[in-house]
Number of protein chains: 2
Amino acid sequence: MNKTEIKELVKSIFPHIENVALQHILSSANYIELAKGTELIRAGERHRYFYLILRGSVKTYYLKESKQICSWFAFENHIVATLTTIAGDKPSSETIELLEDSAFVQFETKSIKNLAESNLSASHFMTELITEHATFLEERLYLLQFMSSKERYYALIERAPEVLQKVSLTDIASFLGISRETLSRIRSLK
Amino acid sequence: MNKTEIKELVKSIFPHIENVALQHILSSANYIELAKGTELIRAGERHRYFYLILRGSVKTYYLKESKQICSWFAFENHIVATLTTIAGDKPSSETIELLEDSAFVQFETKSIKNLAESNLSASHFMTELITEHATFLEERLYLLQFMSSKERYYALIERAPEVLQKVSLTDIASFLGISRETLSRIRSLK
DNA sequence: GCTTTCATGTGACATATATCACAAAGCTAT
DNA sequence: ATAGCTTTGTGATATATGTCACATGAAAGC
């Protein structure tokens, strides 16, 4: 995948982005391929990059008493980042790990943030990125607070059926906030 | 409270804001006082304003089967808004209601959003506002997904003890995602 | 092809929480 | 002060979910 193709892709995902900003962002962008199990971002560490998934999938998780508790999964054409990395400059509290061999465009966070200091279009890009993330968080919060585990499971397979294809039931259960066994029983109901 | 005082207050809460942007934002700002029970923002409606609490408190809730389920409470010096109102221009899914007689600075959302289109400092202001909201959501999500109801209760009174002073246990229970009775039992444990 | 390992399903039981019913205490208005 | 309303506490019971143990089946490595 060459720079022109990357450019077209980023443009299609963020249609509002201006050419100057786009050029700047792409100057720090690289195409990379990584193997299943690789940790893109590791909890407790600062990170210089965020990613756009071209092919493959990742899971994001916290560690609680050395058990992985998933907070989300991402697939093709989605941005992979943590809020602490993008917005603050603090160590990530989550780990992001490849579920399968995958390909990404890697962006340098600093480069975009620097540009956003002086460039309006880049600042809008940041706002859009964070707004998208916040909207997603709000939806997930709503599900966790107001829906039963059954409802959350059905909402998940409706909203993101690809999760069921690519993610283990252990990870899905931790994401839904229930035990593996309970998920198994919900699934066997119909 | 006059414009100069409002200006100083907004400046102290958002120290990075530029003078041009500040002037523009303040031009649409008004001081208002409202009575307990007033709905600042009503679920299902679009809203032109967001607010800064000068004195008093509010609760934010969803309706589920005609029962109020609180999603947050806010007190002095905090911004009151919903993401759908600030970021999108969609009807709010939450209602925001005064817990007591309160005083606010009312800002016109459109005015700030318009300015952010062309003014860098205002755009940064928007980014900051939404980032703050997202950070808050992420923390709440973490508590809901990873902590037991006891832990969530203790986390709440540690992080925001004023909630206990001003909010009914019914509302706190709905916020924690548990029944009123369960909260009552947690409280009686020690 | 066989063995090992891992993911998933299921039963038995313990625990946490919800629900319903009612009592007690605190506020509010007259 | 009194009556009525709201908030909070608590007991009894039902339900949902977690935990532990083990079985089954699929995938991976030799």
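Each reported figure results from applying straightforward, stated rules to the coordinates on display, with no laboratory input. These numbers were taken from a predicted model, which means no experiment stands behind them. Note that each Cβ is placed from the backbone with ideal geometry, even for glycine, and that neighbours are counted across all protein chains shown.
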Could you list which residues have their amide H under 5 Å from that of B:W72, counting only those 5 or more apart in sequence or on another chain, with H placed in the peptide plane? B:T60
HN-Hα J in Hz across the range B:95-105 - Karplus 6.51, -1.76, 1.60, θ = phi - 60°, x for Gly and Pro: 9, 10, 10, 6, 7, 7, 4, 9, 10, 9, 9
So if the hydrodynamic radius of the range A:62-109 is defined as the Kirkwood radius over C-alpha pairs, what does Stokes-Einstein give as its diffusion coefficient at 25 °C and 0.890 mPa s, in µm² per second? 197
Between the alpha-carbon centers of the range B:120-190 and the range A:99-158, tell me the distance in whole angstrom. 21
When chain B is treated as a Gaussian network with springs between alpha carbons less than 10 Å apart, the largest mean-square fluctuation among B:F50, B:F73, B:F14 is found at B:F14
Taking chain B and counting helices only, DSSP H stretches of n ≥ 4 at -39,500 (n - 2.57) each over all residues, the nearest-500 ellipticity at 222 nm comes to -15000 deg cm²/dmol
List, shortest first and in nm to one decimal, how far the label point of A:L9 (7 Å from Cα along Cα→Cβ) is from its counterparts in the other copies. 4.9
Strictly over 22 Å apart at the Cα level, which of B:K67/B:K110; A:K59/A:K113; A:K59/A:K110; A:K59/A:K166 would you flag in this model? B:K67/B:K110; A:K59/A:K113; A:K59/A:K110
For label points placed 7 Å from Cα toward Cβ, what is the shortest-first list of nm distances from A:P161 to its copies? 5.3
Largest fluctuation, A:Y49, A:Y142, A:Y62 only, Gaussian network model of chain A with Cα springs under 10 angstrom, belongs to A:Y142
Hey, can you list the DSSP H helices of chain B whose Cα span along the axis is 18 Å or longer and whose average Kyte-Doolittle score is at least -1.0? B:120-146
For chain A, built as a Gaussian network whose Cα springs stay under 10 Å, the top-fluctuating residue of A:T60, A:T84, A:T135: A:T135
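When a footprinting reagent is the concern and you count Cβ atoms within 10 Å, what order do A:S12, B:S168, A:S28, B:S66 take, fewest first?
B:S66, A:S12, B:S168, A:S28
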Taking each label point as 7 Å beyond Cα in the direction of the beta carbon, state the distances from A:R42 to the same residue in the other copies, shortest first, in nm. 5.5
Within chain A, excluding any GluC sites (Glu not before Pro) found in a DSSP loop (not H, G, I, E or B) and having at most 15 other Cβ atoms within 10 Å, the longest uninterrupted segment runs A:101-190
For the protein assembly as shown, what does the alpha-carbon gyration tensor say about shape, rounded, prolate or oblate, given a ≥ b ≥ c as the root eigenvalues, a/c under 1.5 as rounded, and a/b over b/c as prolate? oblate
From Cα pairs below 8 angstrom and at least 6 apart in sequence, can you work out the relative contact order of chain B, rounded to a whole percent? 24
Counted neighbours (other Cβ, 10 Å), sorted fewest up, put A:R187, B:R140 in the order A:R187, B:R140
Mind putting a number on the dipole of the protein assembly as shown about its Cα centre? Charges go on the C-beta only, +1 for Lys and Arg and -1 for Asp and Glu, and I need it in Debye to the nearest 20. 980
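May I ask you to work out the translational diffusion coefficient for the range B:53-190 at 20 °C, viscosity 1.002 mPa s, via Stokes-Einstein with Rh from the Kirkwood sum over Cα pairs, reported in whole µm²/s?
For the chosen part, D equals 130 µm²/s.
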